[in-house]
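The values are calculated or read from the model by the stated rules, or taken from the named source; none is laboratory data. Just so we're clear, the structure is a prediction, and the values are computed from it rather than from any experiment. Using ideal geometry, Cβ is built from the backbone for each residue, glycine included, and neighbour counts are taken over all protein chains shown.
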Amino acid sequence: MQPSEATQAYKQQILQSGVAIQLVILGKDAFPQEPTGIAFCKETWAGQANHTCSGRYVLEALGVDWRAEQARGGDPIKLFHALRDVGVVFFNACYVKPDGKQFAKSTHEQAIKVGYAFNQEILETTPRIILCGQAQLMRWAHPIIDDKYKTYVHPSQLNGISPHPKVRIAWAETWGNPGSLERDWPTKPAGIALLK
């Protein structure tokens, strides 16, 4: 139920960096393929660029030109560390994979509470937190009462092709619209080039 060692190391790097975190993107749960310890981040560009990778759409919505960053060299992990260094970090609401696709309070409430306890130190000091899809169920552990929290449909491309028009439109407005989350990034550097 605890986050992976890689996720724990990522959190420690954030806390030790001294960077003022401006924006947390909170996913639902830890994805089992190509785990890096960073939500929405894959090990390789092939994984990150895949149209089924939610992290690809998160980067694009943040206004990050991941293709340009890819051309500069490095890997997605370096890109996500560069984002950390400018105050944008990525976590999950829960660190266990739920049975089935949906969380159920009867079986996942404790896991959500453990996830919140792990994330709490960072969430409490961050001015903007984006809750992706079922990440908003962290309310089981902590009331979501102020305007620093914003909830969006999950960036999974399955929502972009959903048979439900409301879901499909919500996905297109956020994750299908490059730069749409820039309004949620309080002090995004102009002309950002993250990898040097």
Q | Complete set of residues in segment 118-146 that are without any contact (Cβ under 8 Å) to a residue 12 or more places away in the chain and within 26 Å of Q157 (Cα to Cα) | A | R139
Q: State all residues of segment 14-36 that are surrounded by fewer than 16 Cβ atoms within 10 Å (Cβ to Cβ) and modelled with pLDDT of 90 or more; if no residue qualifies, say none.
A: L15, Q16, S17, G18, V19, A20
Q: Among the numbered conditions (1) aliphatic (A, V, I, L, M); (2) surrounded by fewer than 16 Cβ atoms within 10 Å (Cβ to Cβ); (3) farther than 18 Å from Q2 by Cβ; (4) modelled with pLDDT of 90 or more, tell me where I129 comes up short.
A: (2)
**Q.** Residue list for segment 141-188, restricted to those being among the aromatic types (F, W, Y) and over 27 Å from A20 (Cα atoms)
**A.** W171
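Given the options A39, A46, A9, name the one that is surrounded by fewer than 17 Cβ atoms within 10 Å (Cβ to Cβ) and within 16 Å of R84 (Cα to Cα).
A9
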Q: Could you check how many residues of segment 20-57 are in a loop (DSSP other than H, G, I, E, B) and touching a strand residue (DSSP E or B) at 6+ places or on another chain (Cβ under 9 Å)?
A: 8
Q | Test: N92 is over 15 Å from V24 (Cβ atoms) and at pLDDT 90 or above | A | no
Q. Filter segment 128-181 for residues that are within 15 Å of the chain's Cα centre (by Cα) and of a type in the set (V, I, T); which is farthest from K113 (Cα to Cα)?
A. T174
**Q.** N92, sole failed condition from (1) on the phi > 0 side of the Ramachandran plot; (2) outside any loop (DSSP other than H, G, I, E, B); (3) not acidic (D, E)
**A.** (1)
Q.
Exactly one condition in (1) farther than 24 Å from H51 by Cβ; (2) small (G, A, S); (3) modelled with pLDDT under 85 is false for G115; which is it?
A. (3)
(Q) Can you find, within segment 58-75, the residue that is farthest from Q8 (Cα to Cα) among those that are in a helix (DSSP H, G or I) and touching a strand residue (DSSP E or B) at 6+ places or on another chain (Cβ under 9 Å)? (A) A61
